[in-house]
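Undergrad: My structure is below; once you've seen it, I'll send some questions.
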Amino acid sequence: MKVDVNDDGDDVGFGKRVDGREMIGVGTGIVGGEGSGVAKEFVLEALGASAALGVPGEVATTFGLFLAMLASALVITHWAAERQPTTLRFFTAARRLSGAQNGLAIAGDYISAASFLGTTGAIALYGHLGLLFAAGFLASYVVFGFWIAEPVHRLGRYSLGDVFAARFPGRSLRFAVAGVQFAISFLYLLPQLVGSGLLLRLLLGLDFRVGVVVIGLIMSVYVAYGGMLATSWVQIIKTLLLLFGSLLIALIAVVRLGGWAALTAAGRSSLEPLVPPTGLPVDPPAQAALLFGLLFGTSGLPHILQRMLTVSSVTAARRSVVWAAAVIGGFYLLALVMGLSARGVLSPAALSALAEEGGNLVAPALARAIGGVFLFAFVAALAFQTILAVVTGLVISATTALVHDLYDHVLKGGVADEAVKLRLARVSALAVGLAATAASFGVGGDNVAVLISYLFVIAASSLFPALLLLLYWRGLTPGGAVFGLVGGFVLAAVGSGFAYGHPAGGAWVPPAAISAGFLLTVVGSRLFPGGAAAPWPAFFRAAHGLWPSEKNAGGASEANAASGGRRSG
């Protein structure tokens with residue numbers, strides 16, 4: 001039963017005032033009939049934070065867990081920084097991760113604030129519309145695993161630019177790939193930092209901008225000193241903690257609601273949106289169009305693609321995909337349970353209050369309602385670790401594009417001094433982090449899953465068409481790849497901006513932008529033929545391990561393709 005009362009037991013409805021403040025009931029009354037009144041102007045207090053209740057123990061608990069998460073990442077960074085400093089270790093962790101380790105790291109990189117905060121909140125607030133995110137994000141990984149992951153591992157050494165250079169070694173295409181990779185990584189950072197600002201406001205009562213600055217500085221230092229090795233272990237630990245925390249919340253919530261039957265009954269009867277969805281389509285054709293965009297987005301996300309370069313063999317790459325798929329699939333099932341549980345545990349007034357923050361704080365609010373301050377603090381700190389793990393991967397991706405592709409190969413012709421590259425990589429990581437921090441101030445408190453869904457569309461319209469045709473179409477040319485990359489990115493960015501402001505009228509944007517990305521790449525290959533290229537049969541063997549007519553895909557062929565395909569471009 002959901003109860004909205006103040007500390008004196010009086011009913012507190014939405015918009016009533018207690019102690020001179022406008023109050024919003026939070027459904028913590030499910031535990032023993034107790035509840036708390038909170039101030040509308042600060043959703044932090046709607047979650048039962050100590051600033052409103054005057055309980056010093058809550059501050060100590062949340063702050064302590066926050067520091068514990070931070071300290072663990074600092075220890076990992078220090079350990080990684082003491083390892084032999086090389087660019088191979090900085091960009092790819094020296095290709096020493098096992099398949100299981102890399103699979104957990106991929107999941108940690110993939111399960112972002114959009115998943116843990118945004119998707120749970122979207123399901124709770126928008127019902128069946130929020131399920132689009134869980135379905136789309138999960139299905140997109142299947143496309144990545146089947147069509148893209150293994151060839152990228154075979155061809156790449158440091159970056160996506162190396163993958164394209166394995167077939168087209170010219171500088172113009174590498175420049176275009178690096179530019180798009182940097183732009184997508186940088187834009188993806190912004191909603192993650194927005195989520196971090198909200199969380200630090202939740203944890204410590206910091207101003208939103210101060211929270212963003214804190215996270216921006218931390219992530220910059222982590223990457224600058226620890227590189228991909230530290231990033232990978234931060235992501236692995238985050239994945240394990242996230243699975244544990246999500247499973248714990250889901251189990252407790254289901255028990256409090258009366259079992260799985262009660263949860264499924266509530267889900268069947270309460271999947272209509274509780275608040276008007278922001279930036280989401282509401283009719284079935286538009287929803288299908290959004291799913292179309294999400295489906296191919298992962299295969300164009302640079303920070304996910306780059307993770308395939310951190311293992312030493314094709315076998316390990318395949319195991320990475322299997323491990324990541326299992327973890328990601330399990331998490332989205334838990335996100336569904338948490339979202340539906342929030343509808344049964346939190347009151348409509350509380351959910352309406354949380355909607356003002358884009359629904360990004362529903363998961364911590366649910367934890368507070370069912371498990372008290374410790375579970376609330378643990379989940380909030382865990383969400384912080386989730387964002388930190390993702391933003392470090394994004395900074396690595398952006399830094400790789402700047403230093404390895406643009407500086408080393410475009411400007412220096414692939415002969416830059418290793419020590420200079422390493423110093424420049426660290427400086428670039430700091431610069432990227434600070435620039436993204438400043439840019440995120442203008443993003444606001446929109447639901448991060450909504451924002452990231454449009455970045456999926458941009459990635460699916462630019463890098464994905466060029467990469468897929470690079471790997472599977474003989475007729476691609478360097479000019480066509482550049483034409484499709486740049487044109488697809490621009491069209492998708494403009495279209496996504498329009499779709500966000502006009503969800504109904506912009507429903508056509510995902511399928512239109514992705515189709516345009518493919519069309520531009522094909523047309524560009526006809527308009528700009530020629531250019532230096534590796535022989536198609538040799539490239540195909542390097543990318544896939546065999547020629548289509550070959551029946552023997554044995555270990556020798558695989559080993560030759562794997563070793564011959566890895567080049568710096």
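Undergrad: Between segment 393-433 and segment 321-353, how many Å separate their Cα centres?
TA: Distance between centres, Cα-based: 38 Å.
Undergrad: Another question about this same structure. Applying 1/(1 + (r/R0)^6) with R0 = 51 Å to the Cβ-Cβ distance of Glu418 and Trp508, what FRET efficiency is obtained, to the nearest 0.05?
TA: With R0 = 51 Å, the Cβ-Cβ based efficiency is 0.60.
Undergrad: Still on this structure: Suppose accessible area is computed on protein heavy atoms with a 1.4 Å probe; arrange Arg154, Arg83, Arg95 from highest to lowest.
TA: Ranked from most to least accessible, the order is Arg83, Arg95, Arg154.
Undergrad: P(r) for segment 56-447: what percent of alpha-carbon pairs falls in each 10 Å bin, starting at zero?
TA: Pairs per bin, as whole percents: 5, 24, 34, 24, 10, 2, 0.
Undergrad: I've got another one for you. Can you give the accessible area per residue of segment 104-207, in Å², using a 1.4 Å probe?
TA: I get 20 Å² per residue for this part.
Undergrad: Would you mind putting 231-237, 326-332 in packing order, based on average other-beta-carbon counts within 10 Å, highest first?
TA: Per-residue mean Cβ counts within 10 Å order the peptides as 231-237, 326-332.
Undergrad: Would you work out what percent of the accessible area of segment 56-447, with all protein chains in place, is carbon or sulfur (probe 1.4 Å)?
TA: Looking at segment 56-447 in its full context, I get 70 percent from C and S.
Undergrad: Please report the net charge: other residues with Cβ closer than 11 Å to the Cβ of Ala532, K and R +1, D and E -1.
TA: Once all neighbours under 11 Å are counted, the net charge is +2.
Undergrad: Something else about it: Would you mind putting 414-422, 465-473 in packing order, based on average other-beta-carbon counts within 10 Å, highest first?
TA: Going by the mean number of other Cβ atoms within 10 Å, highest first, we get 465-473, 414-422.
Undergrad: Using mean Cβ contacts within 10 Å as the protection proxy, how do 216-224, 518-526, 165-173 order, highest first? Spell out each step's value before the answer.
TA: Working: 216-224: 23.7, 518-526: 19.2, 165-173: 21.2.
Result, highest mean first: 216-224, 165-173, 518-526.
Undergrad: Explain nothing, just compute: Karplus ³J(HN,Hα) = 6.51 cos²θ - 1.76 cosθ + 1.60, θ = phi - 60°, for every residue of segment 396-402 in order, whole Hz, x for Gly and Pro.
TA: Listing the rounded values in order: 4, 4, 5, 5, 4, 4, 5 Hz.
The values are calculated or read from the model by the stated rules, or taken from the named source; none is laboratory data. The model shown is predicted, which means the values in this text are computed figures rather than measured ones. Reconstructed Cβ throughout: ideal geometry from the backbone, glycine too, with neighbour counts over all protein chains shown. Protein only, heavy atoms only, side chains kept; ligands, DNA and RNA dropped before computing areas. Shrake-Rupley method; radii C 1.70, N 1.55, O 1.52, S 1.80 Å.
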